[in-house]
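Quick notes on the structure that follows.
The values are calculated or read from the model by the stated rules, or taken from the named source; none is laboratory data. These figures come from a predicted structure and were not determined experimentally. Cβ sites come from the backbone with ideal geometry, for glycine too, and all protein chains shown count toward neighbours. When the accessible area is computed, the model is the full protein with side chains, heavy atoms only, and any ligands, DNA or RNA have been set aside. Shrake-Rupley method; radii C 1.70, N 1.55, O 1.52, S 1.80 Å.
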Amino acid sequence: MNRINRLAAMVSLASLFPFVVHAAESKGTVEVVHYWTSGGEAKSVDVLKKIIQRDGFTWQDSAVAGGGGGAAMTVLKTRAVSGNPPSAAQIKAPDIQEWGRLDLLTSVDDVAKANHWDNLLPRTIADSMKYEGHYVAVPVNIHRINWLWLNPVVLKKAGVSKAPATLEELYAAGDKLKAAGFIAIAHGGQAWQDTTVFENLLLSVMGADGFKKAFIDVDEATLTGPKMTEVFAALHKLQGYLDPDGNGQDWNLETAKVINGKAGMQIMGDWAKSEWTAAGKQADVDYLCVPFPGSQGVYSYTIDSLAMFKLATKNDNPGNIAARDDLAKVALEPEFQYVFNQNKGSIPVIKGLDMSRFDSCAQASAKDFANAEKTGSLAPSMAFNMSTSQAVQGAVFDVVTHFMNDKDADPAKAGKQLLAAIRAAQ
Ligand code: GAL
């Protein structure tokens, strides 16, 4: 970050926190279960906490570490079952319906109406936040998944002259990086990270149409056809470039390897940028972002949203309800949308904000989102539970992980396994 940007960030943060509120004066408490625990993500969530505190409420932080949110969802389920839900939790859209059916969510229609959410949000996003026509959740951002992050200094040292735009160029860059002694692609071997790579390869080989046929229509011919064989074969090939020490590693520790110049690239959604930003690095100077090779034009995404829970009897009082309503209101206000998304690496979810206040990666993301919307190339990510239930997502995780753990696994058979696993989980 240059000096002017640094100053601008300080000024905008300072304007958010003009008062210090003592706990004793709190008007009520809002407890939020989330999994934004990497350094950069914790900074982003702090923005929300500070605004809630400034409004006179207490923020009770219930962060559950674990990228992709698997651990957080387990905690949430246990708490809900034992009648002790938080005020709000970070959940993905298809799951909002499931929690709604269990009668655990509460409507925030009053907040939505007073703050004109129907006009602020794109229609499909607004609809996905509703259960039986009532707002029960608030979206905070749009994350693009199909990105490749690069360290230009490392690339230069390895003799890679430009960011790869095709899978062949990606492999060629990987060969050069390895030959020069670098980790080619930083990658944590966890099921959700493996499946992120798989999904990106699928977008590269099959495009948005193939993605939709596979994961929305569950089309047999697509899931078991020759293009799917190509995707699995590419996955085996790409494995040769992934960090050999990445087994079980958290995504942010892998991002750190690219930041520190040990690795050349990382395939990851744009929350990875939160780590670069937190480390004071600048887009286009210290790091590059390009669409995952071969998937240009497709925009795969996940939307983080906070679902609002009915409060447990012991917490159900006007102060805590007001605190939860304040969270819902703040989440879609421009002040929060700017600062949170600048820190988080995502783009705002509300329409009409000034993108010149964001870096070049976020600007490209907003532009690509708009284009993909026009061309029908938006892909709600399977790996991030946007197009599938958690059960189907888990079934895909199993097939992908199993395949990656078996060097001799036959790419031509993997599609059939995928189809069987998805059908069994539906
Ligand atoms: C996603 C979430 C992101 C980020 C990522 C890694 O599910 O949408 O905000 O936290 O997981 O944990």
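Miscellaneous remarks
- The range 43-65, residues that are more than 17 Å from Pro139 (Cα to Cα) and near the ligand (Cβ under 10 Å from one of its atoms): Ala65
- Looking at the range 120-214, the strands (runs of 3 or more DSSP E) lying wholly inside it that each contain 3 or more residues that are outside the structural domain of Thr224 (by TED's automatic domain parsing) and open to solvent by less than 10 Å² (accessible area, probe 1.4 Å) sit at 137-139.
- The residues on offer are Phe369, Phe397, Phe403, and the sole one that is part of a helix (DSSP H, G or I), in contact (Cβ under 8 Å) with a residue 24 or more places away in the chain and open to solvent by less than 10 Å² (accessible area, probe 1.4 Å) is Phe403.
- No other residue among Phe358, Phe336, Phe340, Phe309 is without any contact (Cβ under 8 Å) to a residue 24 or more places away in the chain and more than 17 Å from Leu203 (Cβ to Cβ) apart from Phe358.
- Extreme residue, nearest to Gly181 (Cα to Cα), among residues of the range 237-289 that are among the basic types (Lys, Arg) and outside any helix (DSSP H, G or I): Lys262
- Residues that are on the phi > 0 side of the Ramachandran plot and among the β-branched types (Val, Ile, Thr), drawn from the range 181-231: Val218
- In the range 290-341, the residue that is farthest from the ligand (Cβ to nearest atom) out of those that are open to solvent by 30 Å² or more (accessible area, probe 1.4 Å), in the same structural domain as Leu120 (by TED's automatic domain parsing) and in a loop (DSSP other than H, G, I, E, B) is Asn317.
- Put simply, of Gly68, Gly83, Gly40 the only residue that is more than 21 Å from Ala331 (Cβ to Cβ) and within 16 Å of the ligand (Cβ to nearest atom) is Gly68.
- Breaking point among (1) modelled with pLDDT under 95; (2) more than 25 Å from Val392 (Cβ to Cβ), for Asp110: (1)
- The set of residues in the range 68-93 that are of a type in the set (Ser, Thr, Tyr) and either part of a helix (DSSP H, G or I) or open to solvent by 50 Å² or more (accessible area, probe 1.4 Å) (or both) comprises Thr74, Thr78, Ser82.
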